[in-house]
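A.B. asks: Got a structure for you, written out below as structure tokens; questions coming shortly.
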Amino acid sequence: MTGNPDPRPSPGGEGRSLPSWARRAILSLLGGIAALYYLRGLLEALRPLILVVLVAFFLSFALEPAVNRLERAGLRRGMGTAITMVVLVAGMGGFGVQVGSLLAEQVTDFSEDVPIYLADADQWLTDSFGIDNALADLRANYDSGALAGWLGDVADDLARFGTTVVNVLFQLFTVGLFTFYLVAEGPKLRRLVCSFLAERHQRHVLEVWDLAIEKTGGYILSRSILALASSLVHWAAFEIIGLPSALALALWVGIMSQFVPVVGTFIAGALPLVIALLGEPVHGLWVVIVIAVYQQVENYVLGPRITAHTMQLHVAVAFGAVIAGAAVLGVVGALLALPAAATIQAVIAAEAERHEVSEDLQEASSQRRGHGDRGDAPPDAPEPEPEPA
């Protein structure tokens, strides 16, 4: 007796094999995962170069207005770029020399005055609490030359620090080289980029590029003016107070408070405060008063007047941009966040479509909010009819 064949596939038959589309999907998924993993490693390896190019782009945006003025004055663009960068490097070098000399002088003076500080502290403990010779061992170790031995132990750390300085100088040279070519060949670069785009997109690209140059240049200009004003005021104040190296301290306060976002004011005020306290404690009080008063004048008088002509950016937007930039790119992102946020805000304001807000809608909304707070019905609401008995 012959029956119907069993419709179920045999254990080793072709019925248990995956469809071709499933095999292709699995292979595509595995290939995509491998490609993403390779791309992640590639981006990690290229991250220093990406940061260098990004910083160079923003520096080129900041320097291009000055170079354009020199070019309109008759200088060749390459020569104008070189002069602008030389002035920038000279200014940064002068600031570094002033602050470095100040720190070296203060460290030397502090090292020489340590025995006096220890003796004064020991005498204060004796007079106030009756503790005799509490710091005798520390004074003996310091006087016996134990500090020299400790300095010998950190020689390796200083060598590693020297290697770090060399790496930083190499990165600065790389940034400067990229910046020079981006500024000197700026018009050619824009023409090259626009040659790959359709004519209807070229206008938008050039507008965004010009906005980035305008806002970044405005940011640098406004910060430079405020830094100069801050340095001059604090220089005069520190001279009156009697702080050592008043010019170097004033430059430190002016530059750090303007070009370091969010925490720049605190970093700027910490150094002159510490140096003042090492000399006379009352000088530290005067330093705090001077810095606090000037910050109020700058925030409410100087800052709004200067930034109104250069870069208008809401305080909340600036604070959020700095936090986001620091989270994405660290210190570099925090420094570049403000000009980037100003550029994005300007692009949105230029491209976004706006509409007039109806006055009637505003009045109705304010009335609803006001009556909602009082719990009353609006005055024009009809009286409710009484229910029939």
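A.B. asks: Does segment 280-295 hold any residues that are small (Gly, Ala, Ser) and surrounded by fewer than 16 Cβ atoms within 10 Å (Cβ to Cβ), and which are they?
C.D. replies: Selection gives Ala292 alone.
A.B. asks: Still on this structure: Between Leu59, Leu18, which is under 18 Å from Gly325 (Cβ atoms) and either in contact (Cβ under 8 Å) with a residue 60 or more places away in the chain or not in a helix (DSSP H, G or I) (or both)?
C.D. replies: When all the criteria are applied, what remains is Leu59.
A.B. asks: OK, next. Can you tell me which condition Ile33 does not meet? The list is (1) within 25 Å of Leu211 (Cα to Cα); (2) of a type in the set (Val, Ile, Thr); (3) more than 22 Å from the chain's Cα centre (by Cα), and all the others hold.
C.D. replies: (1)
A.B. asks: Taking the condition over 30 Å from Pro304 (Cβ atoms) and acidic (Asp, Glu), does Glu185 pass?
C.D. replies: yes
A.B. asks: Sticking with this one: Consider segment 74-91. How many of its residues are in contact (Cβ under 8 Å) with a residue 60 or more places away in the chain and on the phi > 0 side of the Ramachandran plot?
C.D. replies: Of the residues in segment 74-91, 0 are in contact (Cβ under 8 Å) with a residue 60 or more places away in the chain and on the phi > 0 side of the Ramachandran plot.
A.B. asks: Oh, and also: Tell me yes or no: at least one residue of segment 180-195 is in contact with a Gly (Cβ under 7 Å, 6 or more places away or on another chain) and modelled with pLDDT of 80 or more.
C.D. replies: Yes, segment 180-195 contains at least one residue that is in contact with a Gly (Cβ under 7 Å, 6 or more places away or on another chain) and modelled with pLDDT of 80 or more.
A.B. asks: Let me ask something else about it. Taking the conditions exactly as written (in a helix (DSSP H, G or I), modelled with pLDDT of 85 or more, under 32 Å from the mean Cα position of the chain (by Cα) and of a type in the set (D, E, K, R)), does Glu105 satisfy them or not?
C.D. replies: no
The values are calculated or read from the model by the stated rules, or taken from the named source; none is laboratory data. Note that the structure is predicted; figures quoted are calculated from it, not measured. Don't worry about glycine lacking a Cβ; one is built from the backbone with ideal geometry, like all the others, and counts go over all protein chains shown.
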